[in-house]
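*Asks:* Starting off with a structure, shown below.
The values are calculated or read from the model by the stated rules, or taken from the named source; none is laboratory data. All values reported here derive from a predicted model rather than from experimental measurement. As a convention, Cβ positions derive from the backbone with ideal geometry for all residues, glycine included, and neighbour counts pool all protein chains shown. SASA here: full protein model, heavy atoms, side chains in, ligands and nucleic acids out. Shrake-Rupley method; radii C 1.70, N 1.55, O 1.52, S 1.80 Å.
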Amino acid sequence: REVCRRGEAVAVRGEVGAQRGGDEAGVLAGHQVHHAEVGLQVVALTEEQLMALYPEVFENFRESNYSIENIRHQRLPGFSLPTPTGERYTRAKGDPFKAPTVVALLSADNAAAAPTIVALRKAIDSMPREVDLIMVFTGSHIDSIEEAAGPGLRPGEAILMSGKSLARDCGTSVFPTVLIADTDGIVADVLLGFNNSMTQDVIQSIALLK
């Protein structure tokens, strides 16, 4: 519609010019109309075409705009985060886990971090099969992290820090947030916040995994 209006405006100006200056002005007006129409052409692309052109942009947009409410049945986002001992834990989106895995997103500044870890360990200890635990702290203060996690790591456990990006990609600002993932890396359940029934809730969620 905009093209038509601009083209009509130029045509009107051209007609006036033709009346004043003869055929030459009319020809010039015709060229002006042509250039206006060409310059304002818009090519509409579908979402599928844009995704094909810019796959990384769409992937980053989706990961950065997850809502924790709809991450269930989705693959856990990839991440690469440091450990308190200086190593780096890297996992690409779609990578499998060797066992069902509990991913706890934690803030060491939150008083619920320590009791959450205690509850998760109790739940894992009660399971008849191997279950791993990844504790992801949003901050990087090692003393606070180690105080919340307790002394030493048990088999199948990992402590990661500077995990704000993973929390963002999962779509949560609530700590603790506990994600229960199967061996395919699919999030089967999400638990928000700490409560006294957390151990039982995690046991039930793990028991429902295939």
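*Asks:* Take residue 142 and residue 130, extend 7 Å from each Cα along the Cα→Cβ direction, and tell me the distance between the two endpoints in nm.
*Replies:* It works out to 2.8 nm between the two label points.
*Asks:* Here's another thing I want to ask about it. Which length gain, in nm to one decimal place, applies between residue 207 and residue 109 when the Cα-Cα distance is subtracted from 0.36 nm times their residue separation?
*Replies:* 32.2 nm
*Asks:* With both bridge residues required to lie in segment 68-210, what share of the DSSP beta bridges run antiparallel, to the nearest 5%?
*Replies:* Looking only at bridges with both residues in segment 68-210, the antiparallel portion is about 60 percent.
*Asks:* For residue 95 and residue 192 in one chain, what is 0.36 nm times their gap in residues minus the Cα-Cα distance, to one decimal in nm?
*Replies:* Length gained, residue 95 through residue 192: 32.5 nm.
*Asks:* In Å², what does the accessible area per residue of segment 75-210 work out to with a 1.4 Å probe?
*Replies:* Normalised by residue count, the accessible surface of segment 75-210 is 46 Å².
*Asks:* Taking 7 Å along the Cα-to-C-beta vector as the label spot, tell me the residue 53-residue 87 distance in nanometres, rounded to one decimal.
*Replies:* It is 4.4 nm.
*Asks:* Taking the Cβ of residue 163 as the center, what net charge do the other residues with Cβ under 13 Å away carry, scoring Lys and Arg +1 and Asp and Glu -1?
*Replies:* Local net charge: +3.
*Asks:* Give me the dipole magnitude in Debye, nearest 20, for segment 134-210 about the Cα centre, with unit charges on the beta carbon: positive for Lys and Arg, negative for Asp and Glu.
*Replies:* With Lys and Arg at +1 and Asp and Glu at -1, about 100 debye.
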